[in-house]
Amino acid sequence: MSVAAADAASVIARVRPVQSLADVVEIRLDAMLEARIDPCVAALDLPLLVTNRPQWEGGLFAGREDDRVDQLCAAVRAGARYADIELRTDPALRSRLFTVARDCSARVIVSSHDFTGTPPAALLRATLRQMVASGADLGKIVTTATNADEALRVLALQQEAGRLGFPLSAFAMGEPGRITRLATLYLGGAMTYAALDEHQATAPGQLSVAHLRSLITLFEQRP
């Protein structure tokens, strides 16, 4: 479950009513006026994932890259169990986060987002291989699907990730990609992302956590 709010108190207030529906809470540091998660660690009973998405990959952070990664490192030291960092981040800065995460027994998700379309399959597989080579604990590849073929192309990455033994979340944004947010869970996906509710989505096509949970329950019902 992903939440974007201005401060820790707002994060806590928004998450508490629906936290029983989620397994992990993603806190978008790039939406916070002050990137402090200490109160969230103390108040929420779920593992926290921190993301500090830069503007050059569809986020809100507009400052120096050193500062962006330092905020991620501080959040990991404060108790975040996962941290997301983009594949396009400078490798030296990425390594800084890896070091802090390992010292704190946290896991790093290396991510790639395409808000304009879905690259050819060969380029998607190359992105996956770069993630594996980066030393990531998990990968996240998200594109924008404009039709069913593109949605299927993204989901097919799960088969390649399985062969590599690499935990991957692969799904698509946009209306044609909505089904991939559920399907990835049953095709080897490491996790999927949901919004607090239909009005607080942090990405196009994101389902609310209540809607996603109801679909999972319906799908897993036995006769």
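For this structure, a couple of remarks:
- Backbone N atoms of region 165-179 closer than 20 Å to the 7 Å Cα→Cβ label point of Gln130 belong to residues 165-173.
- Ligands, DNA and RNA excluded, the heavy atoms of Phe171 present near 10 Å² of accessible surface to a 1.4 Å solvent probe.
- The chain, dipole about Cα centre (Lys/Arg Cβ +1, Asp/Glu Cβ -1), debye to the nearest 20: 480
- Exposure ranking of His199, His113, His211 by accessible area [1.4 Å probe, largest first]: His199, His211, His113
- Check: region 12-132 dipole with +1 on Lys, Arg Cβ and -1 on Asp, Glu Cβ, in debye: 240
- Dipole orientation for the chain: of the candidates His113, Val11, Leu168, Leu168 has the Cα lying most toward the positive pole (charges on Cβ; Lys, Arg +1; Asp, Glu -1).
- Only one item in [x] 13.6; [y] 14.7; [z] 12.0 matches mean projected area of the Cα convex hull in nm² derived from the coordinates shown, and that item is [z].
- Solvent exposure of the chain amounts to 45 Å² per residue of accessible area, where only protein heavy atoms count and the probe is 1.4 Å.
- Whole-percent carbon and sulfur share, accessible surface of the chain, 1.4 Å: 53
- Residue-averaged 222 nm ellipticity for the chain, from DSSP H runs of 4+ at -39500 (n - 2.57), nearest 500: -11500 deg cm²/dmol
- With R₀ set to 22 Å, the beta-carbon distance separating Asp23 from Arg77 gives a calculated FRET efficiency near 0.45.
- Counting only protein chain heavy atoms and rolling a 1.4 Å probe, the accessible areas of Leu87, Leu60 rank, largest first, as Leu60, Leu87.
- Estimated FRET transfer efficiency when R0 is 30 angstrom, pair Asp103-Arg36 (beta carbons, to 0.05): 0.95
The values are calculated or read from the model by the stated rules, or taken from the named source; none is laboratory data. Keep in mind that what you see is a predicted model, and the values were worked out from it rather than measured. Note that each Cβ is placed from the backbone with ideal geometry, even for glycine, and that neighbours are counted across all protein chains shown. Areas reflect the complete protein model, heavy atoms only, side chains present, ligands, DNA and RNA absent. Shrake-Rupley method; radii C 1.70, N 1.55, O 1.52, S 1.80 Å.
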